[in-house]
Amino acid sequence: DHGAYGVPQEPATLGRMVRELQETVHRQSQLVQSLQEALAASQARCQELQERSASECWVLASELGQRIAALEAENRTLRCERDQLERRAQGLREELERSSSTVLHMGQRLKEQGGQAEPGRFCLASVRDDGKWLQFYTGFGSAQRLATFLAFLTEGGPQRGAEPGPPSALSPEDQLFLVLVRLRLGLLLQDLAFRFHLSEATASRYWLSWTRLMETRLAQVPVRCSPRYVERFEPRRAAQVGGVPLVVLDCAQLCFEGRGRQLYALQGCALAAPSGFLAFGCSASLRGGEGAAGRGLPPFLQDGPVALSAPQEEACWQVLSLASLADKALRFRFLRGVQPPAMEGQVGRAWAICCYLACLLHEPMGLA
């Protein structure tokens, strides 16, 4: 029943209304059609994505399967290599056990021969009983004092001295003797190797290991010097090392041959602290942050008084003349040679060692 609708009676108005309704129906039809097309496109896109996802999943699964197979093969190879290494290690252990008796026998022979000089070989035993030659080669006036020095160096360390590992070609006494001979006479490593019946590499290894040990152990001994003598010494300069104000005393020139055979010198220094104690180093090590400065100052070098324990007080050395100290240190001819630049660190270490040895061999320093 459309009687309730207001239908115009005029034909023109009625025609216009019909046209508007037709246009509205047309627009709605077009909208429905566009929505259907969008829905169809979305369904097609969804189908495409599903197909692509399935394809990618298959590819990934295939790659993963291949990777797993490769890892399993690599795992099998590693297991085989591990088994081979274990068998080799077992063989080496058995070989080591078989050779242990030989090593023990060699060690026993070296121990038995430790105090005997082999014919034609230069060693401590060949000069031990002659005080003149012992002092010439080592600076020590007696074998007992040299033995006490060796015990001090190796205290708390392995029984073989500075050389770890299996029995060495030389006993600890002869290793120290080799180092002292080089310091005293300035001999080349080739000369020492010939004298001691060693390879040059072994002689170099003894030299490096024992000089490091000597520098470390000797730096633990306090060396006292009066500030009055420090103030009178020239040349000197102030320096701040590790927060401690020090006076650097240039005691000696250590010579080197640079490029073009040009000579240059580094300073062998004494470091004086307000606490009244000394340490020794090289000017290059002070600039480069190595040596006494790089490893940290000895505990006696402080910006104020230092209380020593009874054992430290007993072991303390006294320097009364820095000029005399430098003169006694330079009696070790190694310091008076001309060395290559690569030897700067070794010469600086040797300078410190020779200063401590001068204190030890001429105590109190400045009176002898």
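Below 8 Å between Cα atoms, with a sequence gap of 6+, how large is the relative contact order for the chain in percent?
The value is 13 percent.
Can you tell me the dipole magnitude for the chain around its Cα centre, using point charges on the Cβ only (Lys, Arg +1; Asp, Glu -1), in Debye to the nearest 20? Before the final figure, lay out each step's value.
Details: 40 positive and 39 negative charges, 391 e Å.
With Lys and Arg at +1 and Asp and Glu at -1, about 1880 debye.
Assuming a viscosity of 0.890 mPa s and a temperature of 25 °C, what translational diffusion coefficient in µm² per second does Stokes-Einstein assign to segment 223-273, Rh being the Kirkwood radius over Cα pairs? Before the final figure, lay out each step's value.
Numbers: Rh = 12.5 Å.
The diffusion coefficient I find is 196 µm²/s.
Please give the length that would be gained between residue 313 and residue 333 if that part of the chain were fully extended, namely 0.36 nm times their separation in residues minus their C-alpha to C-alpha distance (nm, one decimal).
4.1 nm
For the chain, the ratio of Cα radius of gyration to the globular rule of thumb 2.2 N^0.38 Å stands at 2.12.
Give me the number: length gained by fully extending residue 43 to residue 96, i.e. 0.36 nm times residue separation minus the C-alpha to C-alpha distance, one decimal in nm. Don't skip to the end; give the middle numbers.
On the way: separation 53, 0.36 × 53 = 19.08 nm, distance 7.72 nm.
Length gained between residue 43 and residue 96: 11.4 nm.
Per-residue surface analysis assigns residue 215 an accessible area of about 30 Å², computed on protein heavy atoms at 1.4 Å probe radius.
What accessible area per residue comes out for segment 312-361, rounded to a whole number of Å², with a 1.4 Å probe? Intermediate values should be presented prior to the final figure.
Details: 1860 Å² over 50 residues.
Per-residue value: 37 Å².
Of the candidates 268, 281, 131, which one comes out as most mobile in a Gaussian network treatment of the chain with C-alpha springs shorter than 10 Å? Largest GNM mean-square fluctuation: 131.
Using bins of 10 Å that start at zero, the share of Cα-Cα pairs per bin across segment 208-355 amounts to 11, 43, 36, 9, 1, 0, in whole %.
Per-atom-type breakdown for the chain gives carbon and sulfur 54% of the accessible area (1.4 Å probe, protein chains only).
Dividing the convex hull volume of the alpha carbon atoms of segment 26-106 by its residue count gives 85 Å³ per residue. Towards the positive end of the charge dipole of the chain, with charges on Cβ (+1 Lys, Arg; -1 Asp, Glu), say which of 65, 22, 302 has the farthest Cα. Positive-most Cα among the choices belongs to 302.
The values are calculated or read from the model by the stated rules, or taken from the named source; none is laboratory data. All values reported here derive from a predicted model rather than from experimental measurement. We place every Cβ from the backbone using ideal geometry, glycine too, and count neighbours over all the protein chains shown. With ligands, DNA and RNA removed, areas are computed over all heavy atoms of the protein, side chains included. Shrake-Rupley method; radii C 1.70, N 1.55, O 1.52, S 1.80 Å.
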